[in-house]
Amino acid sequence: MTLPPPVRAGQPVDEVDTPALLVDLDALERNIALMQRAADRAGVALRPHAKSHKSADIALKQIEAGAVGVCCQKVSEAELLAAGGVGDILVSNQVVGPKKIGRLASLARHVRLGVCVDDAGNAAEIAAAARHFGGEIAMLVEVDVGMGRCGVDPEGAAALCRHVSALEGVRFAGLQAYHGRAQHIRDHGERGAAIAGAGVIVRRVLADLAAAGVDCPAVTGAGTGSFEFEAASGIWTELQCGSYVFMDADYAANLDEGGEAVSVFDHSLYLLAGVVSAARSGRAVVDAGLKSLAVDSGLPAVADPPGVRYLGASDEHGTLDTGSGNSPPLGGKVRLIPGHCDPTVNLHDWYVAVRGDVVEALWPVTARGAVF
């Protein structure tokens, strides 16, 4: 059962019950526009990754701004985003097993749908399901360009692409080339070098395809930490950045060319937490712990009040170091910047969308819990 929202539209932010996800609409809209302009200037398409926000409302804002569609990671995410009005979706992941493949093929009758493969047998199973359901699925061959997770070895990519091109029911749509390990390399030059290495691999695969007479319509990939390099490469034709809409604390720690931890994107996602204990001097306890935010990429930063640090999380509590001068009172509110936005979002039912100090809208986290 979905819980009711923690506030009503039109109420002041001070009346939001905690813990709750806040979205600063002004910052969100700036981020969406900024990434779209970057893609447009580079002459590449933007297909934002919806696993960051899991929201049909935000996805539609991105598409309205110029995105060609969105990515997601699971069939269930794709189903829920499609039900929310998103009409062009790439499942940038492998879909394995008859039940999931059947759902994927069924969905392809209603939206433009793509999927990634790194196995010939899996590709054939998806093609058979597409023929059965009467829809067409765009199929991209994923190449391991340094992530070390999914993806065929570069030497085997051309053969798999030829295999996919010969299948009925699917359309060979290009290459998936995502270097996830590069996203959080802090040093700007090292991050660029990692993507340059991925580009060498992609160029080799493209040369193999050309020699085999196989046209490659697209090369898609990139992320919030590396998009500037893929966009300028002349290799990638589509960007899959996701976290830029929110800019969590971990991404914001990446360094720019000058060695400064300054991002061109604004923080737009906050976790509003309430102080439930202030019994100890220099300490406060808030109602936001491990069940409200993810700490796999580090503890959250405290946006306000200034000078306060989040020290540690237990299931339902977060302990703050308040120092001597800025201790929030019992019942006071604290805004936290999550260390990792994606899994933090998946813990909540609602976004509280605010403009200034007023709640403008309530958005459901459309694909919350959609991991199957």
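Sketch the reach of a paramagnetic label on Ala211 as a point 7 Å from Cα along Cα-to-Cβ, and name the residues of the stretch 155-170 whose backbone nitrogen lies under 15 Å away.
155-162
Report, ordered by chain and residue number, the lysines lying within cross-link reach of Lys291, taken as a straight Cα distance under 21 Å and ignoring same-chain residues fewer than 8 apart.
Straight-line reach from Lys291, under 21 Å: Lys51, Lys54, Lys333.
Once you've got the GNM for the chain with C-alpha springs shorter than 10 Å, pick whichever of Cys216, Cys116, Cys72 has the biggest mean-square fluctuation.
Checking each option, the largest mean-square fluctuation is seen for Cys216.
For the chain, report the translational diffusion coefficient in µm²/s to the nearest whole number, using Stokes-Einstein at 37 °C, 0.692 mPa s, and a Kirkwood Rh over Cα pairs.
The calculation lands on 152 µm²/s.
Of Asp266, Asp144, Asp17, how do they rank once you tally other Cβ atoms within 10 Å and put the fewest first?
Asp17, Asp266, Asp144
Arrange Val96, Val358, Val170, Val352 by Cβ neighbour counts within 10 Å, fewest through most, would you?
Val358, Val96, Val352, Val170
Suppose every K and R has +1 on its Cβ and every D and E has -1 on its Cβ; what is the size of the dipole of the stretch 256-372 about the Cα centre, in Debye to the nearest 20?
It comes to approximately 460 debye.
What is the extension gain from Asp315 to Glu190, computed as 0.36 nm multiplied by their sequence separation minus the C-alpha to C-alpha distance, in nm to one decimal?
Result for the pair: 41.3 nm of gain on full extension.
Rounded to the nearest 10 degrees, what's the angle between the helix 120-133 long axis and the longest principal axis of the chain, both from Cα atoms, 0 to 90?
Here the helix axis deviates by roughly 90 degrees.
Please state the charge dipole magnitude for the chain, taken about the Cα centre, from unit charges on C-beta atoms (+1 on K and R, -1 on D and E), reported in debye and rounded to the nearest 20.
Dipole of the chain, to the nearest 20 debye: 600 debye.
I'd like the orientation of helix 25-42 relative to the chain: the angle between its Cα long axis and the longest Cα principal axis, in ° from 0 to 90, rounded to 10.
30 degrees
Over the chain, what relative contact order in percent results from Cα pairs under 8 Å that are six or more residues apart?
22 percent
Cut-off is 10 Å between beta-carbons; in what order do Leu336, Leu22, Leu206 appear when sorted fewest neighbours first?
Final ranking by Cβ density, sparse to dense: Leu206, Leu22, Leu336.
If you put +1 on each Lys and Arg Cβ and -1 on each Asp and Glu Cβ, how big is the dipole of the stretch 244-322 around its Cα centre, in Debye rounded to 20?
Around 460 debye, computed over the stretch 244-322.
No value in this document is a laboratory result; all are computed from the given coordinates. Keep in mind that this is a model prediction, so the values were computed, not measured. Positions of Cβ are backbone-derived with ideal geometry, glycine not excepted, and every protein chain shown enters the neighbour counts.
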